1. Kindly indicate the residue of region 6-32 that is within 19 Å of residue 59 (Cα to Cα) and in a helix (DSSP H, G or I) and also most open to solvent (accessible area, probe 1.4 Å) among those meeting that condition.
2. Report, by residue number, each residue of region 74-105 that is over 23 Å from the mean Cα position of the chain (by Cα) and open to solvent by 60 Å² or more (accessible area, probe 1.4 Å).
3. Residue 62 - would you say it is farther than 22 Å from residue 80 by Cβ and surrounded by 15 or more Cβ atoms within 10 Å (Cβ to Cβ)?
4. Can you say whether residue 108 is surrounded by 12 or more Cβ atoms within 10 Å (Cβ to Cβ), over 30 Å from residue 140 (Cα atoms) and touching a residue at least 60 places away in the same chain (Cβ under 8 Å), as far as the supplied structure shows?
5. Could you tell me which numbered condition residue 53 fails, if it satisfies all but one of (1) more than 16 Å from the ligand (Cβ to nearest atom); (2) open to solvent by 70 Å² or more (accessible area, probe 1.4 Å); (3) touching a Pro at 6+ places or on another chain (Cβ under 6 Å); (4) not hydroxyl-bearing (Ser, Thr, Tyr)?
6. Sort out which residues of region 68-105 are away from the ligand (no atom under 16 Å from the Cβ) and aliphatic (A, V, I, L, M), and write them in order of number.
Amino acid sequence: MSGLLPDSIDPLEWAKTGQRVGGALPLAGMDRLNALVEAGVAEVEITLAGQLLAGGRPVLSGHVACTVTVRCQRCLAPFELRLEAPIRLGVLADEADLARLPKGHEPLICPAGATVSLAELIEDELLLALPDYPHHAEGMCSASTVPAQETGKRQPFAALASLRKNGPQSGQDD
Ligand SMILES: [Zn+2]
């Protein structure tokens, strides 16, 4: 399926001609993303379509999704995280055109006739979708649950510690 995806695209031409693709892109070449995760999956699922909005403003829109393994910043265990993001890019010839950027779109600066790497474009979107502080969903993190061997036992000191942690903190008035 990834064979159908071009290495690079001409965003303006794509918008004018209404080109669209859907498929999977290998994650292997995305070094910036791979540096931030424990492990990546083989592929990123993408859809991407060019379109001219009212007034002839060129945009690229679509969707990007993949699953990566990141380390939980609470319990430090690795877990799988689904990254998903919409793509909404307004194609501008240069930064002077920012006033023409369609509402709700991020700028993609690309002079007429120039091409951009599809992998880099997709990687940028995934980097934005990656949380600064990844952690398990509530109730799924071992850092917030009582260890199995402790269940069924009363823990007065643990309860006190938790009260102190959550209560007003005196002596820390900055
Ligand atoms: Zn966790």
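1. Residue satisfying both the conditions and the ranking: 16.
2. Passing the criteria: 94, 95, 96, 98, 99, 100.
3. Answer is yes for this residue.
4. yes
5. Condition (2) is where residue 53 drops out.
6. Listed by number, the residues that qualify are 83, 85, 87, 89, 91, 92, 93, 96, 98, 99, 101.
For every residue, the table says whether it meets (1) touching a residue at least 12 places away in the same chain (Cβ under 8 Å); (2) not aliphatic (A, V, I, L, M).
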position	(1), (2)
14	yes, yes
22	yes, yes
31	no, yes
40	yes, yes
45	yes, yes
53	yes, no
59	yes, no
66	yes, yes
83	yes, no
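The values are calculated or read from the model by the stated rules, or taken from the named source; none is laboratory data. Not measured: the values here are computed from a predicted model. Note: ideal-geometry Cβ built from the backbone for every residue, glycine included; neighbour counts use all protein chains shown. Please note that ligands, DNA and RNA were not included when accessible areas were found on the heavy atoms of the full protein model with its side chains. Shrake-Rupley method; radii C 1.70, N 1.55, O 1.52, S 1.80 Å.
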